[in-house]
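Below: the structure, in structure tokens.
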Amino acid sequence: MSYLVWKIEKLLKEFHSAESSDSNFDFSPILRDSYQLSYPIGNASFANPNDKLFVPSVELGDASDLKVGEETVFIDVSENLNCRGLDKFICGKANSGIPIFVCDNHNFVLEAWQLIKSLKPTLIHIDQHRDEAICQCGQGGKIEATRICDYIDYAQKNEWIASGFISFTESADLCKISELPSENKIVNIDVDIFDPECTILTLEEKVKFITESARNATLITIATSPGFIDQELSVEIAKLLWKYL
């Protein structure tokens, strides 16, 4: 175990709530097989015309099922990135009982968000990036046509989430803790906020905001973010979040 993972677990133990949920959340409508994306659809738009990206299957499971796969899930020609992601996307219940969904490329959290779109929950976005690009696939486009940077716009245009959302990416956002809703919320975490090079916030600030946000969440979604954080490290952190949130 790396020092970073050890420290995150120590802080999660310190800050996490003992509250538990008895949710009967049903993930069965989104369970599916893996498939491939070809240029220029969705995230494949960052790749070469002949490249194909692997999109893992969605399966029920627990934290022990989170594993780094062997397939290429993200290519960015401009940044010289060719990245592996998860073996499978895993959904289930965190140890608290809160429904949880873990994917690699961040736009695929939409697969879980669609399950509660009728509630129009408030989005709590915790990330190294704001992910506020304009969605190029248009309102009503397929989820696979969204990109890692524009899925929030997609959810807003399709009225899957409340019109206003809370984005936490820097220290100035810490004041938003008092604005966190007590219920009907999606807590959306990009594990790249824990990348060792992301030092604008202290580790304590990151973990405290995450644990405060996750209390009584309707749904927690986590992205392991290939290309922005080492995937072995990201999976270990995702497992801890599953355990303590």
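Quick one: which of Lys120/Lys142; Lys142/Lys176; Lys13/Lys176; Lys157/Lys208 span more than 28 angstrom between C-alpha atoms?
Lys142/Lys176; Lys157/Lys208
Give the long-range amide H neighbours of Glu71: residues separated by 5 or more places, or on another chain, with amide H under 5 Å away, using H modelled in the peptide plane at 1.01 Å from N.
Under 5 Å from the amide H of Glu71: Gly85.
Among Tyr39, Tyr244, Tyr3, Tyr151, what's the order by accessible area (1.4 angstrom probe), most exposed first? Walk me through the numbers before you get to the answer.
Numbers: Tyr39 95, Tyr244 25, Tyr3 155, Tyr151 0 Å².
Result of the area sort, largest leading: Tyr3, Tyr39, Tyr244, Tyr151.
Compare Leu4, Leu60, Leu245 by solvent-accessible area with a 1.4 Å probe and give them largest first, with all protein chains kept in place.
Working: Leu4 40, Leu60 105, Leu245 10 Å².
Largest to smallest exposure gives the sequence Leu60, Leu4, Leu245.
If you rank Val58, Val68 by how much accessible surface each has, with a 1.4 Å probe, what is the order from largest down? Don't skip to the answer; put the middle values down first.
Numbers: Val58 5, Val68 25 Å².
Accessible-area ranking of Val58, Val68, largest first: Val68, Val58.
Just the C-alpha atoms of segment 126-178: what Rg/Rh do they give, with Rh taken as the Kirkwood radius? Don't skip to the answer; put the middle values down first.
Values: Rg = 12.4 Å, Rh = 12.0 Å.
Computed over Cα atoms, the ratio is 1.03.
P(r) for segment 1-75, please, calculated from all Cα pair distances in 10 Å bins and given in %.
14, 26, 28, 26, 6
Bin width 5 Å, origin at 0, all Cα-Cα pairs of segment 144-215: what percent of pairs per bin?
3, 13, 24, 22, 20, 13, 5, 0
With every protein chain left in place and a probe of 1.4 Å, what is the accessible surface of Ile98, to the nearest 10 Å²?
10
Give the lysines reachable from Lys88 as a straight Cα distance under 19 Å; neighbours fewer than 8 places away on the same chain don't count.
Lys52, Lys67, Lys239, Lys243
Could you give the spread of the C-alpha atoms of segment 119-245 along their three principal axes, from largest to smallest, in whole angstroms?
Reported extents, whole Å, longest axis first: 38, 33, 27.
Please return the longest range in the chain lying between exposed loop sites, taking GluC sites (Glu not before Pro), DSSP loop only, at most 16 other beta-carbon atoms within 10 Å, and leaving the sites out. Walk me through the numbers on the way to the answer.
Numbers: sites that count: Glu19, Glu132, Glu159, Glu170, Glu183, Glu197.
Between exposed loop sites, the widest span is 20-131.
In deg cm²/dmol, rounded to 500, what helix-only [θ] at 222 nm does the chain give when every DSSP H run of at least 4 residues adds -39500 (n - 2.57) and the total is split over its residues? Don't skip to the end; give the middle numbers.
On the way: 5 runs with 50 residues, N = 245.
Rounded to the nearest 500, it is -6000 deg cm²/dmol.
Can you give the percent of C-alpha pairs in segment 109-156 whose distance is more than 14 Å?
Details: 546 of 1128 pairs.
For segment 109-156, the share of Cα pairs beyond 14 Å comes to 48 percent.
With charges only on Cβ, +1 for K and R and -1 for D and E, what is the dipole size of the chain about its Cα centre, in debye, rounded to 20?
Numbers: 22 positive and 38 negative charges, 101 e Å.
Taking the Cα centre of the chain as origin, the dipole is about 480 debye.
Under the rule of at least 5 residues apart or a separate chain, name every residue whose amide H is placed under 5 Å from the amide H of Arg32.
Val58
In segment 84-186, if every C-alpha pair distance is counted and binned at 10 Å from zero, what percent goes to each bin?
14, 44, 36, 6
Would you kindly calculate the mean projected area, averaged across all directions, of the convex hull enclosing the Cα atoms of segment 189-245, in square nanometres? If you can, show how the numbers build up before the last one.
On the way: hull surface 15.0 nm².
Result: 3.8 nm².
Trp6 accessible area, nearest 10 Å², 1.4 Å probe?
Trp6 has an accessible surface of roughly 120 Å² with all protein chains in place.
Given the C-alpha centroids of segment 155-211 and segment 1-66, what is the distance between them in whole angstrom?
First find each Cα centre; the distance between them is then 17 Å.
Using a 1.4 Å probe and ignoring any ligands, DNA or RNA, find the accessible area of Ile90 and quote it in Å² to the nearest 10.
Number for this one is 0 Å².
Quote to one decimal, in nm, the extra length available between Gln114 and Ser38 on full extension: 0.36 nm per residue of separation minus the C-alpha distance between them. All intermediate terms of the calculation are to be shown ahead of the outcome.
On the way: separation 76, 0.36 × 76 = 27.36 nm, distance 2.35 nm.
Contour length minus Cα-Cα distance gives 25.0 nm.
Going by a ≥ b ≥ c, the root eigenvalues of the Cα gyration tensor, does segment 53-120 fall in the rounded group (a/c under 1.5), the prolate group (a/b larger than b/c) or the oblate group?
On the way: a/c = 2.84, a/b = 1.56, b/c = 1.82.
In terms of gyration-tensor shape, oblate.
Report the dimensions of the chain along its three principal axes from the alpha-carbon atoms, largest first, rounded to Å.
Reported extents, whole Å, longest axis first: 49, 41, 35.
The values are calculated or read from the model by the stated rules, or taken from the named source; none is laboratory data. What you are looking at is a predicted structure, and each value in this text was computed from that prediction instead of being measured. Ideal geometry is used to build each Cβ from the backbone, glycine not excepted, and the neighbour counts take in all protein chains shown. The area values use the complete protein model at the heavy-atom level, side chains included, leaving out ligands, DNA and RNA. Shrake-Rupley method; radii C 1.70, N 1.55, O 1.52, S 1.80 Å.
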